[in-house]
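Let me begin by presenting the structure, written as structure tokens, before commenting on it.
The values are calculated or read from the model by the stated rules, or taken from the named source; none is laboratory data. None of these values were measured; they are calculated from a predicted model. Glycine gets a Cβ as well: all are built from the backbone with ideal geometry, and neighbour counts include every protein chain shown. Areas reflect the complete protein model, heavy atoms only, side chains present, ligands, DNA and RNA absent. Shrake-Rupley method; radii C 1.70, N 1.55, O 1.52, S 1.80 Å.
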Amino acid sequence: CLAPVIKLLSVLIVYKITSLVITPMCDNRISGVVDEMSSALTIIIALVLASGLMFIVSTGIVAAM
């Protein structure tokens, strides 16, 4: 479960750095879009972590039976 989270975190860092770099050079709308993409990616990371946690808990419950 950790490999996808690491990949998503690396993409999130790239989006945040890109947003910071293009802010002075581009229109505010473009940097806003990149910033919103990083916000959406944060939600996706939370969903992946939650589903991984639910998988681990359900596997533990089934193994305990």
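Values as computed for the structure displayed
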quantity: For peptides 10-18, 56-64, sequence by mean Cβ density within 10 Å, most packed first; calculated: 10-18, 56-64
quantity: The chain: relative contact order in percent, alpha carbon pairs under 8 Å with at least 6 residues between; calculated: 39
quantity: Distance in nm between pseudo-label sites at Thr23 and Ile44 (7 Å out along the Cβ direction from Cα); calculated: 2.3
quantity: The chain, Rg to Rh (Cα coordinates; Rh as Kirkwood inverse mean 1/r); calculated: 1.24
quantity: Accessible area (Å², per residue) of the chain, counting only protein heavy atoms and a probe of 1.4 Å; calculated: 75
quantity: 0 to 90° range, to nearest 10: angle between helix 28-64 axis and the chain longest Cα axis; calculated: 10
quantity: Gain in span if fully extended, Leu53 to Leu8, counting 0.36 nm per residue against the direct Cα distance; calculated: 14.5 nm
quantity: Rounded percent of accessible protein surface that carbon and sulfur make up, the chain, 1.4 Å probe; calculated: 79
